[in-house]
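J.: Got a structure for you, questions after.
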Amino acid sequence: AKRQGKNNYQLFSHSRDIPSYKKYVLDRDMRQALLNEEFTLYFQPQVEPSKGFIVGAEVLIRWQHPQWGDVSPAEFIPLAEENHMVNQITDWEIERVCAILHEWKQKGYRLYPVSINISPMRFMKKGLVEFVQTQLEKYDVKPHYLQLEITESSLLKTDQTVLTILKELKSLGVKVAVDDFGTGYSSLDYLRKIKPDTMKIDKTFISNIKSDSEIDKGVIASILFLGKRLDMKVVAEGVEEKDQLEFLKHNECDMIQGFLFSEPVAKEKYEKMMQVGYLK
Ligand code: C2E
Ligand code: CA
Ligand code: CA
Ligand code: CA
């Protein structure tokens, strides 16, 4: 309460500053938003590059705020990390994804893995592995349909506990992906210790393919080579253009995620996509 009091003081003193007013409202409303079911999950399909067959999806959270409309996670997740709501939000997402996977199975859909972004803060709180296991059992979901994404940069700040938790998740059968790979300067030693199932090449590298950046192309090719050697899947993120796709295809990238195939879409739309089975 003390912390919140301090925030209030700070924000009221800048009450004409719209961004901080918005920040104040979002921070204030976040607790209620979970109860009001204002959070929704969008799905961004991932495809294999040759035929565009769907191979999975990443869930991306959206907040439909009554006053501000759709609020981007880039805006409210950092706030949720400050006010510690991020752990509740993450747990809600894990349960929601398990419930959705169960629903899809009941409907007889062919299932594809679903990836969830996990804030590094969630690893610091106890019980993540148990929570995941409980949800998988509750909804009768096979663990390999669930993948958890942790950013490369947050791996750097992590200690032995996170490595242990990642190992435990992996032994449950849950998949682990390193997000925004190439931006966090993690050492190869980390890769060796964690043995992630998936590496996601950050979109900054992908967007520079066009500008014929030899360095960025070299980085991408190296990550793809590493993935092959270490038996990890590699996802290219932020693929927007045909030329980028061609380069990635040529270098045998496993999975493509980006606006070229689809932006993140609502659940109902992703269900239709899954039933067709491929994009474009
Ligand atoms: P991220 O995990 O790197 O997610 C990819 C972001 O790139 C998403 O933005 C997605 O909409 C966007 N994107 C996908 N394809 C393209 C493309 O072709 N071009 C461009 N320019 N962008 C593309 P979004 O949904 O706004 O999410 C932003 C970030 O917020 C995410 O980055 C992730 O770090 C965080 N985030 C999103 N959802 C969650 C969540 O549920 N939990 C947590 N902890 N963080 C989340
Ligand atoms: Ca991600
Ligand atoms: Ca990413
Ligand atoms: Ca990112």
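The values are calculated or read from the model by the stated rules, or taken from the named source; none is laboratory data. Everything numeric here is computed off the predicted structure, so don't read it as measured data. No Cβ is skipped: glycine too gets one built from the backbone with ideal geometry, and neighbour counts run over all protein chains shown. What goes into the accessible areas is simple: the full protein's heavy atoms, side chains included, and nothing from ligands, DNA or RNA. Shrake-Rupley method; radii C 1.70, N 1.55, O 1.52, S 1.80 Å.
J.: How many nm is it between the label spots at TRP92 and SER20, if each spot is 7 Å from the Cα in line with the beta carbon?
T.: Placing both labels 7 Å along Cα→Cβ, they lie 2.7 nm apart.
J.: Calculate one ³J(HN,Hα) per residue across the stretch 41-56 by plugging θ = phi - 60° into the Karplus curve 6.51 cos²θ - 1.76 cosθ + 1.60, and present them in order as whole Hz with x for glycine and proline.
T.: Result, rounded to whole Hz: 9, 9, 10, 10, x, 10, 10, 7, x, 7, 10, x, 5, 5, 10, x.
J.: Mean residue ellipticity at 222 nm from the helices of the chain, using -39,500 (n - 2.57) per DSSP H segment of n ≥ 4 over the full residue count, to the nearest 500 deg cm²/dmol?
T.: Computed mean residue ellipticity for the chain: -15000 deg cm²/dmol.
J.: Do you know the relative contact order of the chain, to the nearest whole percent, from alpha carbon pairs under 8 angstrom that are 6+ apart?
T.: 20 percent
J.: Answer rounded, prolate or oblate for the stretch 164-203, using the Cα gyration tensor with square roots of eigenvalues a ≥ b ≥ c: rounded when a/c is under 1.5, else prolate when a/b is larger than b/c, else oblate.
T.: oblate
J.: Please state the relative contact order of the stretch 51-179 as a whole percent: Cα pairs under 8 Å, 6+ residues apart? Write out the running numbers ahead of the final one.
T.: Details: 143 pairs, mean separation 31.1, N = 129.
Computed over the stretch 51-179, the figure is 24 percent.
J.: Still on this model: Suppose every K and R has +1 on its Cβ and every D and E has -1 on its Cβ; what is the size of the dipole of the stretch 115-165 about the Cα centre, in Debye to the nearest 20?
T.: Here the stretch 115-165 has a charge dipole of around 140 debye.
J.: Among DSSP beta bridges lying fully in the chain, give the percent that are antiparallel, nearest 5.
T.: Among the beta bridges of the chain, antiparallel pairing accounts for roughly 40 percent.
J.: Give me the mean projected area, in nm² to one decimal, of the convex hull enclosing the Cα positions of the chain.
T.: One quarter of the hull surface, i.e. the mean projection, equals 16.0 nm².
J.: Here's something else I'd like to know. Where does each of TYR112, TYR42, TYR185 land when they are ordered by accessible area, with a 1.4 Å probe and the largest first?
T.: Numbers: TYR112 15, TYR42 55, TYR185 190 Å².
My answer, sorted largest first, is TYR185, TYR42, TYR112.
J.: Kirkwood Rh, the stretch 84-193, all Cα pairs: how many Å?
T.: For the stretch 84-193, the Kirkwood estimate is 14.5 Å.
J.: Would you please give the FRET efficiency between SER153 and ALA99, computed as 1/(1 + (r/R0)^6) with r the Cβ-Cβ distance and R0 = 45 Å, to the nearest 0.05?
T.: Calculated transfer efficiency: 0.90.
J.: In addition: Of PHE181, PHE205, PHE131, which is the most mobile in a GNM of the chain whose springs link Cα atoms less than 10 angstrom apart?
T.: The residue with the greatest mean-square fluctuation here is PHE131.
J.: Then there is this: Counting heavy atoms of the protein chains only and a 1.4 Å probe, report the per residue accessible area for the chain as a whole number of Å².
T.: 51 Å²
J.: Using label points projected 7 Å from each Cα along Cα→Cβ, tell me how many nm separate GLU82 and GLU268, to one decimal.
T.: 3.6 nm
J.: Could you sort out which of LYS23/LYS125; LYS170/LYS228; LYS210/LYS280; LYS142/LYS217; LYS167/LYS249 sit more than 29 Å apart by Cα distance in this structure?
T.: LYS142/LYS217; LYS167/LYS249
J.: Also: If you plug each phi of the stretch 87-98 into the Karplus form 6.51 cos²θ - 1.76 cosθ + 1.60 with θ = phi - 60°, what whole-Hz ³J(HN,Hα) values come out, in order, with x for Gly and Pro?
T.: Ordered by residue, 3J(HN,Hα) equals 5, 5, 5, 4, 5, 4, 5, 4, 5, 4, 5, 4 Hz.
J.: Would you mind getting me the FRET efficiency between THR134 and TYR185? Use the beta-carbon distance for r and R0 = 41 Å, nearest 0.05.
T.: Result of the calculation: an efficiency of 0.70.
J.: Compute the Cα gyration tensor for the stretch 53-92, then decide on rounded, prolate or oblate, letting a ≥ b ≥ c be the square roots of its eigenvalues: rounded whenever a/c is under 1.5, prolate when a/b is larger than b/c in the other cases, and oblate in all that remain.
T.: Because a/c hits 1.5 or more and a/b fails to exceed b/c, the stretch 53-92 counts as oblate.
J.: How big is the dipole moment of the chain about its Cα centre under a simple scheme where the beta carbon of each Lys and Arg is +1, that of each Asp and Glu is -1, and everything else is neutral? Debye, nearest 20, please.
T.: 520 debye
J.: Okay, moving on. Could you please state, rounded to a whole Å, how far the C-alpha centre of the stretch 25-77 is from the C-alpha centre of the stretch 107-141?
T.: 16 Å
J.: Find out how many positive minus negative residues lie around ASP140, taking Lys and Arg as positive, Asp and Glu as negative, among other residues whose Cβ is under 12 Å from that of ASP140.
T.: Net charge in that neighbourhood comes out at +1.
J.: Rank these residues by their accessible area, most exposed first, probe 1.4 Å: TYR24, TYR270.
T.: On the way: TYR24 45, TYR270 0 Å².
Largest accessible area first, the residues go TYR24, TYR270.
J.: Turning to a different aspect of this structure: Using a 1.4 angstrom probe with every protein chain in place, what is the largest-first accessible-area order of HIS65, HIS144?
T.: HIS144, HIS65
J.: What's the FRET efficiency of LYS217 with SER72 using the Cβ-Cβ distance as r and R₀ = 22 Å, to the nearest 0.05?
T.: 0.15
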